[in-house]
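First the structure, in the form of C-alpha cells, and then the observations on it.
Nothing in this text is a laboratory measurement; each read-out follows from the coordinates by a stated rule. These numbers come from a predicted model, not from an experiment. Ideal geometry is used to build each Cβ from the backbone, glycine not excepted, and the neighbour counts take in all protein chains shown.
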Amino acid sequence: MTQIEIAAPAAPPLHLSALASLRIKELEEGTQALRRSVICAFNQLLDLKDLNTGVHSTRLAEWGLRVGQELGLDEATLQNLEVAALLHDIGKIGIPDAILRKPAKLDDQEYALMKRHPEYGWLVLRLLPGFEHAALDVLHHHESIDGKGYPAGLQGSEIPIVSRIVCVIDAFDAMVSSRPYRQGMPFEEAARRLILSSGTQFDPDVVQSFLPFAQADMENVFAAAGTAVTSAL
Ligand SMILES: [Fe+2]
C-alpha cells in the first residue's frame with residue numbers, strides 16, 4: 001500500500017508574521033482609541049444635560065477599577081467596569097428635566113419613570129460593538145442583593161459583579177458629595193450606611209474591599225467638592 005505523506009505547512013516567513021503582528025497591534029490600538037472616543041462623546045452628552053461632572057465620573061472609574069483589581073477581575077471585565085462606572089447614568093438623558101431637576105420628592109409616577117434610566121442606558125450602549133457587556137452592567141446597576149432592586153429584581157450573584165461594584169461606589173459618592181441644597185455626609189456616616197445595608201442592598205465583599213480605598217481618598221473627594229475635610233469628617 002502506498003503511503004501518502006502529508007507535508008506540514010511551511011511556517012510563514014518571519015517578516016510576514018511580524019507584519020501580521022504589527023497589523024493586529026494597530027487594529028487593537030484603533031479599537032481602544034475608538035472606545036475612548038465613544039466614552040468621551042457620551043460624557044460630553046452628559047455634560048450638555050448637566051448630569052455629569054468630570055471629577056465625579058473619573059473618581060467612580062478610579063474607585064471601581066481599584067475594587068475590581070482587589071477582587072481579582074480579569075482585564076476584559078475591568079474594561080467593562082470602567083465604561084459602566086463612567087456611563088452608568090447615561091439613560092438619564094431620556095428622563096424629562098422636570099423630573100430630573102424637581103426640587104421636591106418625586107411622586108409615584110415620576111419615580112417610576114426615573115427608574116427606567118438603567119433600561120434607557122442599556123438600549124443605547126448595547127448598539128455599540130464592544131459595549132454589549134457594559135450595557136448589561138449598566139442595566140443592572142440599581143439591583144439589590146436581596147432582589148428588591150430594579151429593573152429585573154436579580155439577587156446576589158445573579159447581578160453582574162460590575163453592576164454590584166458600580167452600585168456601591170455610586171451610592172457612596174452620592175452620600176459624601178455636597179449638593180447646592182445639602183452638605184455631603186462625613187465618611188464615617190456614609191461607611192456606616194454601606195455596612196448597614198451590606199447583604200440587603202449592597203454586596204458585602206464589594207463594601208469591604210471599597211471602604212479602605214474610600215477612606216484613604218476622602219481628602220481628594222472633599223477637595224474636589226470644595227468642602228473642607230476637617231469640617232466634613
Ligand atoms: Fe443610576
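Numbers below:
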quantity: Top of Ser198, Ser17, Ser177 by mean-square fluctuation, Gaussian network on the chain, Cα under 10 Å; calculated: Ser17
quantity: Cα-based helix-to-principal-axis angle, 204-225 vs the chain, degrees rounded to 10; calculated: 70
quantity: Electrostatic dipole magnitude of the chain [Cβ: Lys, Arg +1; Asp, Glu -1; Cα centre; debye, to 20]; calculated: 600
quantity: In degrees, nearest ten, helix 187-196 long axis to first principal axis of the chain (Cα); calculated: 70
quantity: Sequence-separation-based contact order of the chain, relative, with Cα cut under 8 Å and 6+ spacing, percent; calculated: 16
quantity: Per residue convex hull volume, Cα atoms of the chain, in Å³; calculated: 192
quantity: Helix 14-48 vs. the chain, principal-axis angle (Cα, 0 to 90°, nearest 10); calculated: 20
